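Take a look at the structure below.
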Amino acid sequence: MLWLTFVAILIVPALSQQDPVREIHWASNPGCPDNFTRWDCNETQILHVMAKGPNDTINYLWALYSKPALLMAVTEPEARLQIDWNQLGNSSKRLIRFDPQPTYSFGLVLDRIIEFYDPLDKADMTQANSSIAWDCRKFSWTVKDVTSGVENLRVELLGNNYENGSKIGNVSVVLSAFGSDGYGPLLPHMQHSNNASQVEITLENLETSEDFKSEARFGLQLMVVDSVPGEGMDDVLHRRSLDDEHTPGVFDINTLQTPEVRNGEAGGYMEWRPVAYTSPVRAIEESTSAVHYPLKNVSQAHLKGTLLHDFYGHNLAHVLVPQSLNISFGISEDGFYDVTKYNAWTFTMAYGQPPKDKFSLLVIMILAVGLGLPAVIFVFGGAYMCVKKSRTRRDEPLIN
Amino acid sequence: MEDPEEVVTNPRRRQDEEDDVSCCSPAHLCSRALALLLMCILGFGSYFCYDNPAALQDYFKHDLQLTTTEFVYLYSWYSWPNVVLCFVGGFLIDRVFGIRLGTVIYAFLVVVGQLVFALGGYLGKFWLMVVGRFIFGIGGESLAVAQNNYAVLWFKGKELNMVFGLQLSFARVGSTVNFNVMEPLYGWVSHYYHGYTCLGVVLFIAATTTLLSLISALILTVLDKRRERHIGQNSVGGTEEVVRLSDVRYFPVTFWLVAGICVSYYLAIFPFIALGKVFFMRKFEMDPKDANFVNSLVFIISAVASPLLGLLVDKVGRNAFWVLVSVVSTLGCHALLAFTFLNPYIAMVGMGVSYSMLASALWPMVALVIPDHQLGTAYGIAQAVQNLGLALVTMLAGVIVDKGGYLLLEMFFLGWLCVALLISILILIIDSNGDGLLNMSASQREAWETQRSEQADLEREKLLASGAMADVSPQDQLQRSDFHIRNRFLSRIGAPLPEHCQRGRRYQALR
């Protein structure tokens, strides 16, 4: 009886109702006028991705101009996007609008890459002796590849040519939009809902400063903001997960929750596993830690010129609370960045409530059969033995 | 080479023999105590080095860039030669090398194997390390057989049980010391060497324990020679356990079920310990030293609990029941490790106690269902199948960790334990349908034994009373084994005996 309830508890979530599938559509530089001078309209600098569902549409705006910016806006199904192209980056008005207004939005900017000197091998960015910032504005960003399907989209961005070649190195950003539940295609196979996008940032071959003597590590500074006025986000929530089927050897998940999510409602959130891979072959042996640091409120000046500033306008300065999230890669005794010159980190950026852990069907089947079969045989065998014993007892008085 | 059949019936003490090794004569207590100590040290080296990979798993994987799938080759290639050697090793000692030379050869193989293993590490060549483990495997398990044979030669009767128990405990102590010493040792050596060279140097240092085993093998050779000269007996006497594969036909179903538990239960213990260190480090966030200590808990507890639980099972009986209890309890421990983040000390202590309980209850069951003269074959088969299972499953476990993570690995072990659970329930059912021998309490079993021997006496009296007893020697009447009596009766009435019962005397047919 006990194991039946136990199995039932496991089965129900696994077979729970799937969310409706969204259709993905996308457009490059939507509404770009012919007389636009900042860049050629054929060169993708703004991507508008629409994940259309029955009740709402999740719009992703991925922009490469200035610093890479990712915006997620939840609107009605037939909302239209309007961009004031000619004033982009030059005004504090809201130049990018949806009609009707989005019910919720969440934005992220890749602000800078931080190279820090770690001679004591502590892998702690706050205790670094010194650091150098690679401003993301100084990379030249292009769209390398777009692969689209009915229920998903994959866009590969490349940032290189830092400061016109003064430093060597590539930053690759792979953005994916999903219309259905599932797991990311590459390790760490992050679980995502149908309201999710995934971001993979790879720091490849970055040239470390000679002053740091190959004892340098890298980190990222991300700026995050959501559309709810007044409240900033809490610190990152760390939880332990029993199931490491998808990321063998990693039992932790970190979540950045907006206040709505914390209160149990639908809101924006970011999720990642505290692991970064040091080789394209992503094995647990070639991994290192991804460490996060407490959120800090920042001035909206950091977001000037980016898509977020063009979207939120002066609200950014007066009403909303932009914050910075720092992540560093590395753990003691991993040989620092230079040993492989490769750091890859993945996170999901989504709307709603973070997906719950559930055991795969394989686990449930093993438990059900493995415990059920012996239990059945025990019960029937025991009953058979008892019946036999009572029968011989009844026979005995007949023997003289 | 000694002739094992030679039995000198009139030993003469040679007065002019000088004892140059110890001050006591071989028959005396302190000489036998010394021999006991040497026998225990004999096994220490091989058990110490067997789990070297497990204690240094994360360094193996990091310094040699190994996946878990590759790492477990170090264990599965240890087991492969023993699928065959379980049968051949004992035979080689009995018929070819003799106990003394055989032990030295096997101890030497252990030393060579560990040295090749260490050399492979020093040079960074993984294939050489696997070859070293293979050679080590050939020597290691056969050395355990030789250890047992020495014990039977030197000790008899009730003290033999204690000696076996002590040997096993010493072996477990060897494993425990390995888990607790290797990590600090690696830390110290890493000040002078780095990477796989450091690993190689650490393994060379570990090889000194195998040298210790070789030295005790050599000293035992000297002591045993003296014992043979003084006491004169070199055969193992009436407890010859010859391996004959044709015996397999006669084994009852219960034996195969017991062998099934031997395989399925141990598959959930040994591969788990091999992979345990990194599991504890990652899931329970323990540092390497603590992870090794928790991993070694099974062996520490077994060293102490095995003799005690052995005594308990001897006194109380009901072996099949204890086996069931052990399997269920181990299931619970693995479930704790898989589905909770509860402190692993609890689960590992539980596992240690269950493992000791099962070992104490399970192996005597083989002796209960198999007649004496087939025990050699029976144990050989059980060990061979166990090694086959270990070799295959350890490889599979490595693949599971790489592809599916540690939760799936625990599910895999839980699956094997469920198989063991099924088999132990079947044993209880089938046994209670039969004579219920496996699950009798000790007093019931004694009563059963006296009943059987009374029946045998009755049979013998009938035979005696039937006359024509001229060819029965006094020794026949002293034989109490009912097999012996039955065979004699059958041969008298002219019934053909099975091949393996033909050795020994032939009897005149009854008219």
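Remark: mean inter-chain Cβ contacts per residue of A:365-372 equal 4, using a 10 Å Cβ-Cβ cutoff to other protein chain atoms.
Multiplying the residue separation of A:VAL146 and A:ARG240 by 0.36 nm and subtracting their alpha-carbon distance yields 30.4 nm. Dividing the helix sum by the residues of chain A, where each DSSP H run of 4 or more adds -39500 (n - 2.57), gives a mean residue ellipticity at 222 nm of -5000 deg cm²/dmol.
Estimated translational diffusion coefficient (Stokes-Einstein, Kirkwood radius over Cα pairs, 10 °C, 1.306 mPa s) of segment B:29-148: 105 µm² per second.
Shown is the FRET efficiency for B:LYS125 and A:SER332, computed with R0 = 51 Å from the Cβ-Cβ distance and rounded to the nearest 0.05: 0.95.
Shown for B:LYS283, A:LYS213, B:LYS61: other C-beta atoms within 10 Å of each C-beta, ranked fewest to most, produce the order A:LYS213, B:LYS61, B:LYS283. Here the scattering of segment B:130-223 is modelled by Debye summation over its C-alpha atoms, one equal scatterer each and no solvent; at q = 0.11, 0.22, 0.23 Å⁻¹ the log10 of I(q)/I(0) is -0.45, -1.24, -1.29. Sites listed here are GluC sites (Glu not before Pro) in segment A:73-182 whose DSSP assignment is loop and whose Cβ has at most 10 other Cβ atoms within 10 Å: A:GLU78. Restriction of the trypsin sites (Lys or Arg not before Pro) in segment A:96-153 to DSSP coil positions whose beta-carbon has at most 15 other beta-carbons within 10 angstrom yields A:LYS122.
Counting only lysines at least 8 places from B:LYS315 when in the same chain, those with an alpha carbon closer than 16 Å to its own are B:LYS158.
Let me make sure I get this right: for segment A:10-150, a, b and c are the square roots of the gyration tensor eigenvalues over alpha carbons, sorted descending. Under 1.5 in a/c it's rounded, otherwise prolate if a/b > b/c, else oblate. Which is it? It comes out oblate by the Cα gyration axes. Working note: Karplus 6.51/-1.76/1.60 with θ = phi - 60° gives segment B:195-208 the couplings x, 6, 5, 4, 4, x, 5, 4, 5, 5, 4, 5, 5, 4 Hz, where Gly and Pro are set to x. Amide H contacts of A:SER241 (H built 1.01 Å from N, in plane; Pro and chain starts excluded): A:ASP252, A:ILE253 sit under 5 Å, all sequence-distant by 5 or more or on other chains. 3J(HN,Hα) along segment B:166-174, derived from phi through the Karplus expression 6.51 cos²θ - 1.76 cosθ + 1.60 where θ = phi - 60°, amounts to 5, 4, 5, 4, 4, 4, 5, 4, x Hz, with x in place of Gly and Pro.
Which entries in B:LYS277/B:LYS403; A:LYS213/B:LYS125; A:LYS67/A:LYS167 show an alpha-carbon gap greater than 20 Å? Over 20 Å apart, Cα to Cα: A:LYS213/B:LYS125. Value of Rg to Rh for segment B:66-107, rounded to two decimals, is 1.21; Kirkwood radius and Rg both from alpha-carbon coordinates. The mean number of partner chain beta-carbon atoms within 10 angstrom of a residue's beta-carbon across peptide A:279-286 is 3. Near the amide H of A:HIS314, within less than 5 Å, lie the amide hydrogens of A:ARG94, all on another chain or at least 5 residues away, with H placed in the peptide plane. Residue by residue, segment A:371-379 carries 3J(HN,Hα) couplings of 8, x, 4, x, 5, 4, 5, 4, 5 Hz when phi is fed to the Karplus relation 6.51 cos²θ - 1.76 cosθ + 1.60 (θ = phi - 60°); x denotes Gly or Pro. The order of the peptides A:310-322, B:131-143 by mean Cβ neighbours within 10 Å, most packed first, is B:131-143, A:310-322.
For chain A, the cysteines with no partner cysteine C-beta closer than 4.7 Å are A:CYS136, A:CYS386.
Can you spot the lysines whose alpha carbon is less than 19 Å from B:LYS225's alpha carbon? Ignore those fewer than 8 places along the same chain. Straight-line reach from B:LYS225, under 19 Å: B:LYS156.
The mean number of partner chain beta-carbon atoms within 10 angstrom of a residue's beta-carbon across peptide A:239-245 is 5. First measure r as the distance between the Cβ atoms of A:LEU362 and B:ILE231, then evaluate 1/(1 + (r/R0)^6) with R0 = 56 Å and state the FRET efficiency to the nearest 0.05. Step by step, r from the Cβ atoms, then E = 0.35. For chain A, the relative contact order is 17 percent, taking Cα pairs closer than 8 Å that sit 6 or more residues apart in sequence and dividing their mean separation by the residue count. Summarised in one figure, the compactness ratio Rg/Rh of the protein assembly as shown, Cα atoms and Kirkwood Rh, is 1.11. Here the Gaussian network model covers chain A, with springs between Cα atoms less than 10 Å apart; of A:LEU222, A:LEU242, A:LEU64, A:LEU242 fluctuates the most.
About its Cα centre, chain A has a charge dipole of approximately 1100 debye under the convention of +1 per Lys or Arg Cβ and -1 per Asp or Glu Cβ, with nothing else charged.
Only the coordinates and a few stated rules stand behind these numbers; no lab work does. Remember, predicted model here, so these are calculated numbers, not experimental data. Cβ atoms come from the backbone with ideal geometry, glycine included; neighbour counts cover every protein chain shown.
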